[in-house]
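Below is one structure, written out as structure tokens, with a few remarks after it.
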Amino acid sequence: MSISFLIKPASSSCNMRCTYCFYADVTDHREIKNYGIMSEETTEVVIIRAFEAAKRQITFAFQGGEPTLAGLDFFKNWVKLTKKHNTKKLPVHFAIQTNGMAIDQEWATFFHNNRFLVGISLDGPKEIHDHYRILSDGSGSYKKVLQAIDWLKKEHVDFNILSVVNQTVAKHPTKVYNFFKKQGFQYLQFIPCLDDLGQAQGTNPLSVTSERYGQFLIQLFDLWYRDWKAGSPVSIRMFDNVLQILLTGQPESCDMNGHCTVNAVVEADGSVYPCDFYVTDSWKLGNLHDSSLAELSQIPLATTFVEESLHTDPACKTCNHLHVCRGGCKRHKEPKVNGHYQSNIFCSAYKKFYDATATRFLEIARTETGR
């Protein structure tokens, strides 16, 4: 059994004030918004519980808030304790999603030496990125992000780019894509900016509408497909997952699975939640100080979380694209109406997208099969 833990070592702490931050909204649904920095005691408990549960391999992925606020020594100690408790000699992988503000040569060297996969948050060129991704003094963060990426390149650290598709990004797919290509970025991920948890679509003026998101995805695919035909494609996570579904039936990304699983999202105090979108008091499964991961995965609340995602919208059952779309992420079906999840808020976007791209996806899949 492979185990993935999503760790929040600095809880919701952050050195930026991004206007659209979803985790700031999530923590507003908790009595304790910030659990501070994870203690060494909790660190060791989490690592012990991970090896207790794993049979094949372990991935420790660090997120926030901003995880680097825990300090470099925290991560050095994590690696040290991982080696100490890895008596089964299992493969261990490390990943971190960061805004890049703390990254310098020392951090980059550490990431290289310990084979961290680094996700960098970057929304595009300066005028787009700095629109919402701002520091506490209101200034833009673009320059520091590019400096962080330079350090990662110099130290030969594997990294990818994570972009939030807000209203501004959605209006400029060509500009954003061409910028990333010019920078030589090979691995890209785009996630839609959402309304606050429990709020109707359009409540947040920064969130992307279904119509705009669909247009963005189609234009992005056109650019990506052009480069694929020219023999110089980049990796875009959503598109890669569509191809994985066509080729193997198994996507890597949980939001394209068609149902939820219980992910081990661990807050700084050791409390566990089933999903990064639901790190709220109402979805708290328990604490690793008190229970094993196996025990937490079997409690009724965990079962409820999974079972809620198994409902298929009646409209999906007659859709030509159900085999690839699979209904999408549960978070995109919020808020509930009369206790029931709605259709995916991006349903029309996905229909238009797959209508426009299905033939070309099949072309690429057949080509990949023939290699």
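Before moving on, here are some points about what is shown:
- Positions within segment 309-347 being loosely packed, with under 13 Cβ neighbours inside 10 Å, modelled with pLDDT of 90 or more and within 23 Å of the chain's Cα centre (by Cα), in sequence order: 323
- Checklist (1) free of Cβ contacts under 8 Å to residues at least 60 places away in the same chain; (2) buried (at least 17 other Cβ atoms within 10 Å of the Cβ); (3) over 18 Å from residue 163 (Cα atoms) applied to residue 234, failing item: (3)
- Those residues of segment 2-19 which are among the hydrophobic types (A, V, I, L, M, F, W, C) and either surrounded by 22 or more Cβ atoms within 10 Å (Cβ to Cβ) or under 26 Å from residue 254 (Cα atoms) (or both), in sequence order: 3, 5, 6, 7, 10, 14, 18
- Pairs with Cβ under 6 Å, 6+ apart, first in segment 140-161 and of a type in the set (D, E, K, R), second assigned to a loop (DSSP other than H, G, I, E, B): 144/101
- Residue within segment 58-80 that is more than 25 Å from residue 108 (Cα to Cα) and under 21 Å from the mean Cα position of the chain (by Cα) present: no
- Every residue from segment 159-211 that is farther than 30 Å from residue 113 by Cβ, surrounded by fewer than 17 Cβ atoms within 10 Å (Cβ to Cβ) and modelled with pLDDT of 95 or more: 171, 174, 175, 178, 211
- Filtering segment 205-239 to residues that are among the polar types (S, T, N, Q) and assigned to a loop (DSSP other than H, G, I, E, B) leaves 207, 209, 232.
- Given (1) under 25 Å from residue 150 (Cβ atoms); (2) touching a residue at least 24 places away in the same chain (Cβ under 8 Å), number of the condition residue 184 does not satisfy: (2)
- Residue 350 vs. criteria at pLDDT 95 or above and in contact with a His (Cβ under 9 Å, 6 or more places away or on another chain): yes
- Restricting the search to helices (runs of 4 or more DSSP H) fully inside segment 254-371 and requiring at least 1 residues that are of a type in the set (Val, Ile, Thr), touching a Phe, Trp or Tyr at 6+ places or on another chain (Cβ under 7 Å) and in contact (Cβ under 8 Å) with a residue 12 or more places away in the chain gives 322-325, 347-369.
- Of all residues in segment 115-139, those satisfying the criterion of being of a type outside the set (D, E, K, R) and either on the phi > 0 side of the Ramachandran plot or at pLDDT 95 or above (or both) are 116, 117, 118, 119, 120, 121, 122, 124, 125, 128, 129, 138.
- Residues that are at negative phi, touching a Leu at 6+ places or on another chain (Cβ under 9 Å) and of a type in the set (Gly, Ala, Ser) do occur in segment 107-114.
- Listed here are the helices (runs of 4 or more DSSP H) enclosed by segment 1-100 that have at least 2 residues being more than 30 Å from residue 140 (Cβ to Cβ) and aliphatic (A, V, I, L, M): 40-53, 72-85.
- Residue match in segment 58-79 (condition: without any contact (Cβ under 8 Å) to a residue 12 or more places away in the chain and buried (at least 18 other Cβ atoms within 10 Å of the Cβ)): no
- Members of segment 101-113 that are part of a helix (DSSP H, G or I) and either in contact (Cβ under 8 Å) with a residue 24 or more places away in the chain or of a type in the set (Lys, Arg) (or both): 105, 106, 107, 108, 109, 110, 111, 112
- From the list 306, 279, the lone residue that is out of contact with any helix residue (DSSP H, G or I) (no Cβ under 9 Å at 6 or more places or on another chain) and either buried (at least 20 other Cβ atoms within 10 Å of the Cβ) or farther than 22 Å from residue 31 by Cβ (or both) is 306.
- Contacts under 8 angstrom Cβ, first residue in segment 199-214 being of a type in the set (Phe, Trp, Tyr), partner in a helix (DSSP H, G or I), 6 or more apart: 213/170; 213/349
The values are calculated or read from the model by the stated rules, or taken from the named source; none is laboratory data. As the structure is a prediction and not an experimental result, all values here were calculated from the model. So basically every Cβ, Gly included, is an ideal-geometry build from the backbone, and we count neighbours across all protein chains shown.
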